[in-house]
Amino acid sequence: MKFLDCETYINDLETAIESTVAMKNLKNSTVLITGMTGTIGSFIVDMLIQYNHNHGANTRIIAAGRNVDKIKKKYEGFVSNEEIFVVPYDIFKEIDFNISTDYIIHAAGNAHPVAFNSDPVGTIVGNVTGTHRLLEYGSHHGVKRFCYISSGEIYGQGDLSLDSYDEQYAGYLDNCAPRSSYPISKRTTENLCASYYKQYDLETVIARPCHTYGPCITPSDSRANAQFFRKVLQNENIVLTSAGLQIRSYCYVADCASAILTCLTTGMSGEAYNCANPDSIVTIAEFAQTVARLSGKKVLFEMPTETDISQRTPITKQVLKSDKLENLGWKGKYSLETGVKHTLDILKQCD
């Protein structure tokens, strides 16, 4: 079974559509999305498909990615019916398409620890150069608005005495640590987006997702929450190689997608918005325990290997304040319990 044939997934798409402020602004428009095979990008594509089918939106979807054949296979029926147009896109290469579009949602890039730990240079170059090329494309093709998907990691090692971090806060990042390649390049690219708005009047808005989880995880995703889901679906217990006391803002992908599209349709140009659900703030261990409990498994603790230690994040607290986004009219719909349950249900049905 495919996700788009799963009732729970369809209901989540509908909830995300209803939760997006000014979703109607995307009707009769063209939206180009990069990174659309990832957790967030793929859900946004499915949202737009559902919006077309159930709400008569007439939104044209341009799916841009490296593996064109994989995208075409995944969306075979929609491509053949010209609901989705697939174009080749690689963050390391020049743009090789020439299509008019109203909106660009840029979600491509290394986004999990193994990727940016093993290739810090590629992470920096891909984030900065890839986004620069898309901004140039948008500037020269009359794009109405450009939405950049950044990350809550840009706050770095924040002040632990603060309850949460708002969009004006800037925590500490070690400039000489290769692992900082991801948050530092995200910071640089955020400034590039804001600068394009100031210098070239290209409307840009920045979405900063927190730790997003959901059924659209990829096999290569090395984030802790993705590993937890894979473990229990393989009928195994979850293994933690630390106490898991790091505290995080978590967000089910349906909430994250509606938050990003709200930024796109309603956010102030040149500004950033945290995309987080204030009702889903827990430690990594608590998240693991929730996944284990809802799947009938256990959380086990083991001594870390050298690889585990080398990939461990120095960030002990990453709690994002969502007031600015909520002031646009957005509100999260999924508790941690519900989001985890839906993720497990969808993945089990579509196995």
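The values are calculated or read from the model by the stated rules, or taken from the named source; none is laboratory data. From a predicted model like this one, the values you see are computed outputs, not experimental measurements. Glycine also receives a Cβ, built like all others from the backbone with ideal geometry; neighbour counts cover every protein chain displayed. Accessible surface is based on the protein model in full, side chains and every heavy atom, while ligands, DNA and RNA are left aside. Shrake-Rupley method; radii C 1.70, N 1.55, O 1.52, S 1.80 Å.
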Residues of region 57-93 being open to solvent by 70 Å² or more (accessible area, probe 1.4 Å), free of Cβ contacts under 8 Å to residues at least 12 places away in the same chain and not polar (S, T, N, Q), in sequence order, are Asp69, Lys73, Glu76, Glu82, Lys93
Name the single residue that is most open to solvent (accessible area, probe 1.4 Å) among those in region 101-124 being in contact with a helix residue (DSSP H, G or I) (Cβ under 9 Å, 6 or more places away or on another chain) and among the aliphatic types (A, V, I, L, M). Val121
Show the residue pairs that are 6+ apart or on different chains and have beta-carbon atoms under 9 Å apart, the first residue being within region 228-251 and farther than 21 Å from Leu344 by Cβ, the second being assigned to a strand (DSSP E or B) and open to solvent by less than 10 Å² (accessible area, probe 1.4 Å). Gln246/Gln318; Ile247/Gln318
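Pull up region 197-228, narrow it to residues that are among the basic types (Lys, Arg) and modelled with pLDDT of 95 or more, then point me to the one that is surrounded by the fewest Cβ atoms within 10 Å (Cβ to Cβ).
Narrowing region 197-228 to residues among the basic types (Lys, Arg): 198, 208, 223.
Those left that are additionally modelled with pLDDT of 95 or more: 198, 208.
Values: Lys198: 11, Arg208: 26.
By that ranking, first place goes to Lys198.
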Odd one out for Ile91, checked against (1) in contact with a helix residue (DSSP H, G or I) (Cβ under 9 Å, 6 or more places away or on another chain); (2) of a type in the set (Val, Ile, Thr); (3) farther than 25 Å from Pro178 by Cβ; (4) part of a loop (DSSP other than H, G, I, E, B): (3)
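Take Asn98 and tell me if it is open to solvent by less than 30 Å² (accessible area, probe 1.4 Å) and either assigned to a helix (DSSP H, G or I) or out of contact with any Ser or Thr (no Cβ under 9 Å at 6 or more places or on another chain) (or both). If you could, list the steps in order and put the result at the bottom.
Details: open to solvent by less than 30 Å² (accessible area, probe 1.4 Å): no; either assigned to a helix (DSSP H, G or I) or out of contact with any Ser or Thr (no Cβ under 9 Å at 6 or more places or on another chain) (or both): yes.
No; evaluated as a whole, the condition is false for this residue.
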Subset of region 1-16 (residues that are open to solvent by 10 Å² or more (accessible area, probe 1.4 Å) and of a type outside the set (Phe, Trp, Tyr)): Met1, Lys2, Leu4, Asp5, Glu7, Thr8, Ile10, Asn11, Glu14, Thr15
Looking only at region 41-72, how many residues end up being part of a helix (DSSP H, G or I), closer than 24 Å to Glu94 by Cα and among the hydrophobic types (A, V, I, L, M, F, W, C)? 3
Which of the residues spanning region 322-340 are more than 15 Å from Cys263 (Cβ to Cβ) and not acidic (Asp, Glu)? Lys333, Tyr334, Ser335, Leu336, Thr338, Gly339, Val340
For region 25-54, the count of residues that are aromatic (Phe, Trp, Tyr), more than 19 Å from the chain's Cα centre (by Cα) and under 21 Å from Leu325 (Cα atoms) equals 0
Which one of these does Cys147 not meet: (1) hydrophobic (A, V, I, L, M, F, W, C); (2) open to solvent by 30 Å² or more (accessible area, probe 1.4 Å); (3) in contact (Cβ under 8 Å) with a residue 12 or more places away in the chain? (2)
Residue ID - most open to solvent (accessible area, probe 1.4 Å), chosen from residues in region 259-309 that are touching a helix residue (DSSP H, G or I) at 6+ places or on another chain (Cβ under 7 Å) and basic (Lys, Arg): Lys298
Tally, over region 229-258, of residues that are in contact with a Ser or Thr (Cβ under 9 Å, 6 or more places away or on another chain), open to solvent by 10 Å² or more (accessible area, probe 1.4 Å) and of a type in the set (A, V, I, L, M, F, W, C): 5
Restricting to region 39-66, name every residue that is over 19 Å from Tyr103 (Cα atoms) and in contact with a strand residue (DSSP E or B) (Cβ under 9 Å, 6 or more places away or on another chain). Thr39, Arg66
Criterion: under 19 Å from the mean Cα position of the chain (by Cα), closer than 26 Å to Gly267 by Cβ and not polar (S, T, N, Q) - qualifying residue of Ala22, Ala57, Ala64: Ala64
Only residues in region 23-48 that are open to solvent by 10 Å² or more (accessible area, probe 1.4 Å) count as the first member; pair them with residues that are in a strand (DSSP E or B), Cβ under 7 angstrom, at least 6 apart or cross-chain, and list the lot. Thr30/Arg60; Thr30/Ile62; Thr37/Gly65; Thr39/Thr212; Ile40/Ile149; Ile40/Pro209; Ile40/Thr212
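Would you please name the residue that is modelled with the lowest pLDDT, looking only at residues in region 308-348 that are among the aliphatic types (A, V, I, L, M), within 30 Å of Cys176 (Cβ to Cβ) and touching a strand residue (DSSP E or B) at 6+ places or on another chain (Cβ under 8 Å)? It would help to see each step written out before you state the result.
At the first step, the residues of region 308-348 found to be among the aliphatic types (A, V, I, L, M) are 309, 315, 319-320, 325, 328, 336, 340, 344, 346-347.
Cutting the leftovers down to within 30 Å of Cys176 (Cβ to Cβ) gives us 309, 315, 319-320.
From the residues that got through so far, the ones that are touching a strand residue (DSSP E or B) at 6+ places or on another chain (Cβ under 8 Å) too are 315, 319-320.
Details: Ile315: 80, Val319: 95, Leu320: 97.
Ranking the qualifying residues of region 308-348, first place goes to Ile315.
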